[in-house]
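Undergrad: Would you mind keeping the following structure in view while I ask a few things?
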Amino acid sequence: MALSLTLLFKDLQRDGIRVNRQSEEFISLKELAKRFALSFGLDAVKNREAITALHREGILFSVNPLENIEDPTGPPPNLPFLEILTEFTNKLLKQDKRV
């Protein structure tokens, strides 16, 4: 699930151009993430490991400075992916949100 979302996000970054968060493609990706989040169901304890792993991978993907070869001191180019990741935040348990 995380891999498919990250690959679709990278497709939005055509030729190194920053992602437009108001674009139809980005909104569609966010909607897909919302549907993926709904697929986890209501039992947060049962899906705890999967949700935390997805969150961890998404955060690492978002803030990885090695992806920004052109300007290593600038903001990570995948930072808008955190907005996609917020669709899964309400599925995290309270103690996992702190970690």
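Undergrad: Please tell me if Arg21 is basic (Lys, Arg) and at pLDDT below 80. Step through it out loud before you land on a result.
TA: Details: basic (Lys, Arg): yes; at pLDDT below 80: no.
Criteria not met by Arg21.
Undergrad: Another question about this same structure. Only residues in segment 35-53 that are within 14 Å of Asp96 (Cβ to Cβ) count as the first member; pair them with residues that are at pLDDT below 85 and open to solvent by 90 Å² or more (accessible area, probe 1.4 Å), Cβ under 8 angstrom, at least 6 apart or cross-chain, and list the lot.
TA: Thr52/Val99
The values are calculated or read from the model by the stated rules, or taken from the named source; none is laboratory data. Please read these numbers as outputs of a predicted model, since none were measured by experiment. Here the Cβ is made from the backbone with ideal geometry for all residues, glycine too, and neighbour counts use every protein chain on show. For accessibility, only protein heavy atoms count, side chains too; no ligands or nucleic acids. Shrake-Rupley method; radii C 1.70, N 1.55, O 1.52, S 1.80 Å.
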